[in-house]
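Engineer: What follows is a structure written as structure tokens; I'll ask about it next.
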Amino acid sequence: MELSLPQAMLLLSLNDKTGKTEDGYYQPAFGGAALADLLLHGTIELEADSSAVVPLRHTGSLGAFLDMCDKELGTAPGPKEISYWISSLGNQKDLIATIADELCHLGALTREKTSVFGLFTRTVWPEASPALEAGLKAEMANAMFQEIGAVEERLCLTIALANAVDLLQYNFDPDLLTTHADRIAAISKGECVEAKPSEAVLKAVKDAIRAANAISDVPIATIIS
């Protein structure tokens with residue numbers, strides 16, 4: 001099953017048992033993931049001579065969260081830079097809840113209410129089934145640690161996004177990450193992405209990689225899974 005990039009980021013950042021991130025979450029990761037996914041789907045593009053995002057005409061649903069982001073981009077008064085949209089999309093109301101509910105429908109998470117100091121409740125999303133996350137991590141590990149071979153564009157972007165926000169260290173063996181640091185860096189730059197016959201597809205992947213790596217230009221809060 002193909003996960004959206006925001007869904008992949010949430011699976012990598014949630015604590016499986018508690019259903020929440022330990023020290024908050026890194027909002028720009030989800031903004032960058034949304035932009036990268038929309039670029040792959042062709043609902044937006046980047047201006048040739050800048051990093052400004054241009055919405056394109058689009059019909060059909062990409063899922064609740066991506067549709068929400070696509071709508072916000074489409075109603076903007078004019079093109080804005082990648083960094084603006086990473087911050088804006090990452091600060092959308094109910095961001096985590098929307099993506100988590102998508103993963104609940106896929107069977108990966110379950111929605112629960114928990115008490116905080118006996119004063120109020122909060123919603124958490126503990127793991128319901130490890131299958132999707134385990135499959136994702138296995139694909140990522142194979143791409144990062146085999147040192148050879150091209151990487152499918154969506155997997156390449158997942159690794160680039162996770163690397164940009166330091167999520168890899170919470171999901172993979174630190175020694176392996178150190179040993180294969182050059183390979184991970186190459187994947188994150190798009191140097192290992194599978195060749196595609198369409199120039200439009202190649203441009204979309206290249207632009208999506210730019211969006212993923214632009215996260216480092218946005219003020220951050222640490223995310224710990």
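The values are calculated or read from the model by the stated rules, or taken from the named source; none is laboratory data. A quick note: this is a predicted structure, and the numbers were derived from the prediction, not measured. Glycine also receives a Cβ, built like all others from the backbone with ideal geometry; neighbour counts cover every protein chain displayed. Keep in mind that these areas ignore ligands, DNA and RNA; they rest on the heavy atoms of the full protein, side chains included. Shrake-Rupley method; radii C 1.70, N 1.55, O 1.52, S 1.80 Å.
Engineer: Determine how large the accessible area of Tyr84 is when every protein chain is in place; take a 1.4 Å probe and give Å² rounded to the nearest 10.
Structural biologist: 100 Å²
Engineer: Under the definition of Cα pairs under 8 Å and six or more residues apart, what whole-number percent is the relative contact order of the chain?
Structural biologist: Relative contact order of the chain: 32 percent.
Engineer: Extension gain Leu106-Asp16, at 0.36 nm per residue separation less the Cα-Cα distance, in nm?
Structural biologist: 30.9 nm
Engineer: Taking a 1.4 Å probe, which of Thr123, Thr179 shows the most accessible area, and what order do the others take after it?
Structural biologist: Reading off the accessible areas and sorting them downward yields Thr179, Thr123.
Engineer: Next question. Rounded to the nearest 10 Å², what accessible area does Asp166 show when all protein chains are kept and the probe is 1.4 Å?
Structural biologist: The value for Asp166 is about 90 Å².
Engineer: Taking segment 35-149 on its own, what percent of its Cα-Cα pair distances exceed 21 Å?
Structural biologist: 56 percent
Engineer: Among Ala100, Ala211, Ala185, which one shows the highest mean-square fluctuation when the chain is modelled as a Gaussian network with alpha-carbon springs under 10 Å?
Structural biologist: Comparing Ala100, Ala211, Ala185 in a Gaussian network model of the chain, the most mobile one is Ala185.
Engineer: Which entries in Lys80/Lys203; Lys71/Lys189; Lys113/Lys137; Lys71/Lys137; Lys93/Lys189; Lys20/Lys137 show an alpha-carbon gap greater than 24 Å?
Structural biologist: Where the Cα-Cα span goes over 24 Å, the pairs concerned are Lys71/Lys189; Lys113/Lys137; Lys71/Lys137; Lys93/Lys189.
Engineer: I'd like to check one number: the per residue accessible area of segment 71-114, probe 1.4 Å, reported in Å² as a whole number.
Structural biologist: Value for segment 71-114: 53 Å² per residue.
Engineer: Moving on. Based solely on C-alpha atoms, express the radius of gyration and the Dmax of segment 96-198 in angstrom.
Structural biologist: Using the Cα atoms of segment 96-198, the pair Rg, Dmax is 17.0, 58 Å.
Engineer: Still on this model: If you rank His105, His58 by how much accessible surface each has, with a 1.4 Å probe, what is the order from largest down?
Structural biologist: Order by accessible area, largest first: His105, His58.
Engineer: Same structure, new question: With unit charges on the beta carbons (Lys and Arg positive, Asp and Glu negative) and the dipole taken about the Cα centre of the chain, which residue among Leu89, Gln7, Pro130 sits farthest to the positive side?
Structural biologist: Ranked along the dipole, the leading option is Leu89.
Engineer: Please report, to two decimal places, log10 I(q)/I(0) for segment 1-99 at q = 0.10, 0.23 Å⁻¹ as given by the Debye formula with identical point scatterers on the Cα atoms and no solvent.
Structural biologist: -0.27, -1.23
Engineer: Just to be sure I understand: with springs between alpha-carbon atoms less than 10 Å apart, which residue in Ala131, Ala33, Ala208 has the highest mean-square fluctuation in the Gaussian network model of the chain?
Structural biologist: Result for the chain, Cα springs under 10 Å: Ala131 fluctuates most.
Engineer: Now a separate question. Would you mind calculating the gained length between Ala181 and Ser88 on full extension (0.36 nm times residue separation, minus the Cα-Cα distance), in nm to one decimal?
Structural biologist: My answer for the length gained is 30.4 nm.
Engineer: A follow-up question, please. Using a 1.4 Å probe over the heavy atoms of the protein chains, calculate the carbon and sulfur portion of the accessible area of segment 112-169 as a whole percent.
Structural biologist: Carbon and sulfur together cover 53 percent of it.
Engineer: What order do Lys17, Lys137 take when sorted by accessible area (1.4 Å probe), most exposed first?
Structural biologist: Lys17, Lys137
Engineer: Continuing with this model, one more query. Need the C-alpha centroid separation for segment 31-68 versus segment 114-150, integer Å.
Structural biologist: If we compute the Cα centre of each part, the gap is 25 Å.
Engineer: Which value, in debye to the nearest 20, describes the size of the charge dipole of segment 60-214 about its Cα centre when Lys and Arg Cβ atoms bear +1, Asp and Glu Cβ atoms bear -1, and nothing else is charged?
Structural biologist: Around 400 debye, computed over segment 60-214.
Engineer: So which GluC sites (Glu not before Pro) in segment 38-145 end up in coil per DSSP with only 16 or fewer other C-beta atoms within 10 Å?
Structural biologist: Glu47
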